[in-house]
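Novice: Before I ask anything, let me first share the structure, which is written out below as structure tokens.
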Amino acid sequence: MVELNTIDLLIAAMLVVVLALMSIRLQSNISRQLIIAAVRTAVQLTLIGLVLKVLFENVTLGWVALMAFFMLFVAGREVMMRQERRFKGWWGYAAGTFSMFLSSFAVTVFALVVILGNDPWYAPQYAIPLLGMLLGNTMNGIAISMDRLTHAAWEQRHIIEARLMLGETSDEAISEYRRQAVRSGMIPIINAMAAAGIVSLPGMMTGQILAGALPVDAVKYQILIMFLISAGTGLGTLAAVKIGARRLFDDRQRLCLDRLREP
Amino acid sequence: MSKAPPLLQINRLRRLMIGPVSLVLDEGDCLCISGASGSGKSLLLRAIADLDPHEGQVLLQGVPAEAIAPEVWRSRVGLLPPESSWWLPRVKNHFRDDMPLLLEQIGMSDSILEQPVARLSSGERQRLALMRLLSHRPQVLLLDEPTANLDPVNTRRVESMITGYRRAHKAAVIWVSHDVEQVMRVANRYYEMSKGELQPQEIEGQQWLS
């Protein structure tokens, strides 16, 4: 494996700087955002590298769990911010975060205990990257599906209420939009699985190969990750849409759009 | 033997800007409400159908709404909103198969059922929405300007369709209408709504048939 040093990374950074300069000449205001994002990448990844180093040297369940929940709460905030008409109050945060907890944590623990079988099972070298991949992907699925659901409830409120007026239950009246929301949350991972290896080489696999792993081993891990991600995204999306659809109605099955924030 | 409870009883119903409203409707009653737009007529109907939160009590044959599952309540106390909604591609998809529809009586033929919803005129939508509601056999009809988009001929057809249903099924009707002549034709009780309250009105030249 070729060790990277700071000079190597600075040379790569030059490419971003050149791109930013070209953007300025095109009078596009994207260059500022580009530089900020690049700096964030460098700082955030350096920090997480340091954190992981400390974590790997002190293998205790407490520290791993602390890290895991920190990642969860950050991802939960991200899910909330990505929804245009999110639920008001703590529900806006809790619905997505809880669904992510349910799916990502369950799937990660399952993979660690049943599939990988390390000793201890929470070995941070496996637990943290796995959880990170799962959170990152379920985050997308949950954010997309909840955004889609609340959006549909708002846009199609007349239809939903018309169906209630004809004696349908709230479940029946919103079933179509629930289906659509789950679908749109799942589409990215389905596409990623369908295109994997043909259109794109997945990032994790590429990283492993660059770091010196045998392609066959890297591929096995990538397949495992893909399956875990699709299971996690599916579970998380189903949970989020179920919670969301329930929250859209009160105990008398009235459509409660006042529970959603204005965009 | 004690007297049977009224079909629909509304006790001090209140919501923002509305009420308290108390009404009693017996089988066959047709109560018309008119009033300026924004006076709360539609909001009152929505509260009775239990689509919006409200205070006070609404009872059907003596049973309070809270004691009845919401979907059952709304299929027995059916609301026809001013704008109809359609969510399936063709008209017939919105109707149950087992119900004969009396479409000729309201100036339409059965062929309209095969049409895509997007091709319907506003008047056709309004009449079909009424038929769709009636096919669920509600005991109370809450009609929010059911003839607003109709010409005089079809207005008369819809009026007699509703009157026929009310008699045949011993239903009660609350009918929001801006047309005073229509009120005189169909109502046995008449209220004016202003600032969220109902004021009883005289019905002149009453020709109402119970």
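Readers should treat all values here as calculations from the given coordinates under stated rules, not as data from a laboratory. Being a predicted model, the structure only gives us computed values, none of them experimental. Reconstructed Cβ throughout: ideal geometry from the backbone, glycine too, with neighbour counts over all protein chains shown.
Novice: Cβ under 14 Å from residue A:92's Cβ, residue A:92 left aside: what net charge do those residues give with Lys, Arg +1 and Asp, Glu -1? Present the calculation step by step, with values, prior to reporting the outcome.
Specialist: Numbers: positive: A:77, A:82, A:85, A:86, A:88, A:247, A:259, A:261; negative: A:78, A:84, A:147, A:258, A:262.
Once all neighbours under 14 Å are counted, the net charge is +3.
Novice: Starting with the highest mean, order A:82-89, A:242-249, B:87-94 by the number of other Cβ atoms within 10 Å, averaged over the residues of each peptide. Present the calculation step by step, with values, prior to reporting the outcome.
Specialist: Details: A:82-89: 17.9, A:242-249: 20.4, B:87-94: 15.6.
The most tightly packed comes first, giving A:242-249, A:82-89, B:87-94.
Novice: Continuing with the same structure: For chain A, list the DSSP H helices whose alpha carbon atoms reach 18 Å or more along the long axis and whose average Kyte-Doolittle value is 1.6 or above? Working shown, then result.
Specialist: Details: long enough: A:6-25 (28 Å, 2.24); A:30-57 (40 Å, 1.42); A:61-81 (30 Å, 1.70); A:124-155 (45 Å, 0.36); A:170-195 (37 Å, -0.07); A:215-247 (46 Å, 0.88).
Within chain A the helices that satisfy the rule are A:6-25, A:61-81.
Novice: Then there's this: Just tell me how shielded A:247-254 is by partners: mean number of partner chain Cβ atoms within 10 Å of each residue's Cβ, no decimals. Intermediate values should be presented prior to the final figure.
Specialist: On the way: counts 0, 0, 1, 2, 2, 10, 7, 8.
Mean shielding count: 4.
Novice: Continuing with this model, one more query. If we count GluC sites (Glu not before Pro) as exposed when they sit in a DSSP loop and have at most 11 other beta carbons within 10 Å, what is the longest stretch of chain B that avoids them all? List each step's numbers first, then the result.
Specialist: Numbers: sites that count: B:202, B:204.
The reported range is B:1-201.
Novice: Rounded to the nearest angstrom and ordered from largest down, what semi-axes does the equivalent ellipsoid of segment A:1-122 get from its C-alpha gyration tensor (root of 5λ)?
Specialist: Equivalent ellipsoid of segment A:1-122: 34, 26, 11 Å, largest first.
Novice: Calculate the spin-label point distance for residue B:105 paired with residue A:113, positioning each point 7 Å from the Cα along the beta-carbon direction, and give it in nanometres.
Specialist: So the label points at residue A:113 and residue B:105 sit 6.5 nm apart.
Novice: I want to verify a result. In a Gaussian network model of chain B, Cα cutoff 10 Å, which of these has the top mean-square fluctuation: B:125, B:157, B:96?
Specialist: With Cα springs under 10 Å in chain B, the top fluctuation among B:125, B:157, B:96 is at B:96.
Novice: Per residue, how big is the convex hull around the C-alpha atoms of segment A:1-57? Give it to me in cubic angstrom, could you?
Specialist: Working: hull volume 4.6 nm³, N = 57.
It is 80 Å³ per residue.
Novice: Next question, about the same structure. Express as a percent, rounded to the nearest 5, the fraction of DSSP beta bridges in the protein assembly as shown (both residues included) that run antiparallel. Can you show the working numbers first?
Specialist: Details: 20 of 38 bridges.
Given both bridge residues lie in the protein assembly as shown, the antiparallel proportion sits at roughly 55 percent.
Novice: For every other residue with a beta carbon closer than 12 angstrom to the beta carbon of residue B:147, add +1 if it is Lys or Arg and -1 if Asp or Glu, then tell me the sum.
Specialist: Details: positive: B:127, B:156, B:157, B:185; negative: B:144, B:145, B:151, B:159, B:179, B:181.
Spelling it out: positives minus negatives among the neighbours equals -2.
Novice: May I pose another question? Which chymotrypsin sites (Phe, Trp or Tyr not before Pro) from segment A:89-195 combine a DSSP loop assignment with at most 11 other Cβ atoms within 10 Å? Show your work: numbers first, answer last.
Specialist: Details: sites: A:90, A:91, A:93, A:98, A:101, A:105, A:110, A:121, A:122, A:126, A:154, A:177; in loops: A:90, A:121, A:122.
Loop-located and lightly packed - A:90.
Novice: Residue by residue through B:68-75, how many Cβ atoms from other chains fall within 10 Å of the Cβ on average? Don't jump to the answer; show the numbers that get you there.
Specialist: Working: counts 0, 4, 10, 11, 2, 3, 11, 5.
Counting Cβ atoms of other protein chains within 10 Å of each residue's Cβ and averaging gives 6.
Novice: Of B:82, B:200, B:138, which has the largest mean-square fluctuation in a 10 Å C-alpha GNM of chain B?
Specialist: Looking only at B:82, B:200, B:138, the largest GNM fluctuation is found for B:200.
Novice: Give me the Debye-computed log₁₀ of I(q)/I(0) at q = 0.05, 0.07, 0.10, 0.12 Å⁻¹ for the protein assembly as shown, equal point scatterers on Cα only, no solvent, two decimals.
Specialist: -0.32, -0.56, -0.85, -1.03
Novice: Sticking with this structure for a sec: Springs between alpha-carbon atoms under 10 Å, Gaussian network over chain A: tell me which of A:36, A:174, A:198 tops the mean-square fluctuations.
Specialist: Checking each option, the largest mean-square fluctuation is seen for A:36.
Novice: Relative to the compact globular guide of 2.2 N^0.38 Å, what is the alpha carbon radius of gyration of chain A, as a ratio?
Specialist: Numbers: Rg = 21.5 Å, N = 263, 2.2 N^0.38 = 18.3 Å.
The value comes to 1.18.
Novice: Hey, another quick one. Within 10 Å of each Cβ of A:192-202, how many other protein chain Cβ atoms are there on average? Please report the intermediate quantities before stating the final value.
Specialist: Details: counts 0, 0, 0, 0, 0, 0, 0, 0, 0, 0, 0.
Going residue by residue through A:192-202 and averaging, the value is 0.
Novice: Work out the length of the dipole vector of the protein assembly as shown about its Cα centre, built from +1 on the beta-carbon of each Lys and Arg and -1 on the beta-carbon of each Asp and Glu, and round it to the nearest 20 debye. Numbers along the way, then the final one.
Specialist: Values: 47 positive and 43 negative charges, 70 e Å.
Using only the charged Cβ atoms, the result is roughly 340 debye.
Novice: For segment B:120-194, rounded, prolate or oblate, judged on the Cα gyration tensor with a ≥ b ≥ c (square roots of eigenvalues), a/c < 1.5 rounded, else prolate if a/b > b/c? Don't skip to the answer; put the middle values down first.
Specialist: Details: a/c = 1.58, a/b = 1.06, b/c = 1.49.
In terms of gyration-tensor shape, oblate.
Novice: Lys and Arg at +1, Asp and Glu at -1: add these up for the other residues within a Cβ distance under 12 Å of residue B:121 and post the number. Could you put the intermediate results ahead of the total?
Specialist: On the way: positive: B:119, B:125, B:127; negative: B:124, B:151.
Summing Lys and Arg as +1 and Asp and Glu as -1 gives +1.
Novice: Where the centre of each part is set by its Cα atoms, how far does segment A:171-207 sit from segment B:132-165, in angstrom?
Specialist: 47 Å
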